[in-house]
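A short worksheet on the structure shown next.
The values are calculated or read from the model by the stated rules, or taken from the named source; none is laboratory data. Values in this document were obtained by computation on a predicted structure and should not be read as measured data. So basically every Cβ, Gly included, is an ideal-geometry build from the backbone, and we count neighbours across all protein chains shown.
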Amino acid sequence: MDFTSNVTINESNSNEIHVKYNQEGEFKGNIILKSTVDNRELKIKEIISPMVKKYNDKLSVHKIIANTIEIGVPINFKTIITTGSCNIKIMSSFSDINIKIDDGNINLNQKKN
C-alpha cells in the first residue's frame, strides 16, 4: 500500500474480514482501495483513480495524502502484509502472519484501548 501511513490489524470475532479505510488530505478522493479474494487470500491494494488529472507543477509534490486502514482478521487466517513506508500495529496474537516493510515501525501484540 503506497499511500497508507498506518495499518492496524485487529482480531475479528467472526469468520469475516472487515476493512475500514480512512482518507485525509487534499487528494483524498483520488486513491481507490481495491480488494480481491483468491483461494482464501485477501489482497488489498491502493490505486490512483484513472480519472485523476496529472499535475505537472512544482507545488504538486507537496499535496497531502494521509490514509489509514484498519483490518479485522480471524485469528486463524493467514495474513501477509507488504508495504513500502508505513506504521503497522498488530493487535492480537495471530497464528500465521508475515510482514514485509521497507520503512516504518511494527508494533506487535498491543492491547486495544
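I'm trying to understand the selection: among the residues of the range 86-113, which are surrounded by 11 or more Cβ atoms within 10 Å (Cβ to Cβ), polar (S, T, N, Q) and modelled with pLDDT of 90 or more? Within the range 86-113, 87, 107 qualify. Go through the residues of the range 58-73 one by one and say whether even a single one is buried (at least 16 other Cβ atoms within 10 Å of the Cβ), among the charged types (D, E, K, R), modelled with pLDDT of 90 or more and out of contact with any helix residue (DSSP H, G or I) (no Cβ under 9 Å at 6 or more places or on another chain). For the range 58-73, residues buried (at least 16 other Cβ atoms within 10 Å of the Cβ), among the charged types (D, E, K, R), modelled with pLDDT of 90 or more and out of contact with any helix residue (DSSP H, G or I) (no Cβ under 9 Å at 6 or more places or on another chain): present. Whenever a residue of the range 1-24 is within 14 Å of residue 83 (Cα to Cα), its partners that are modelled with pLDDT under 90 and part of a loop (DSSP other than H, G, I, E, B), lying with C-beta atoms within less than 6 angstrom and at least six residues away or across chains, give the pairs 3/65.
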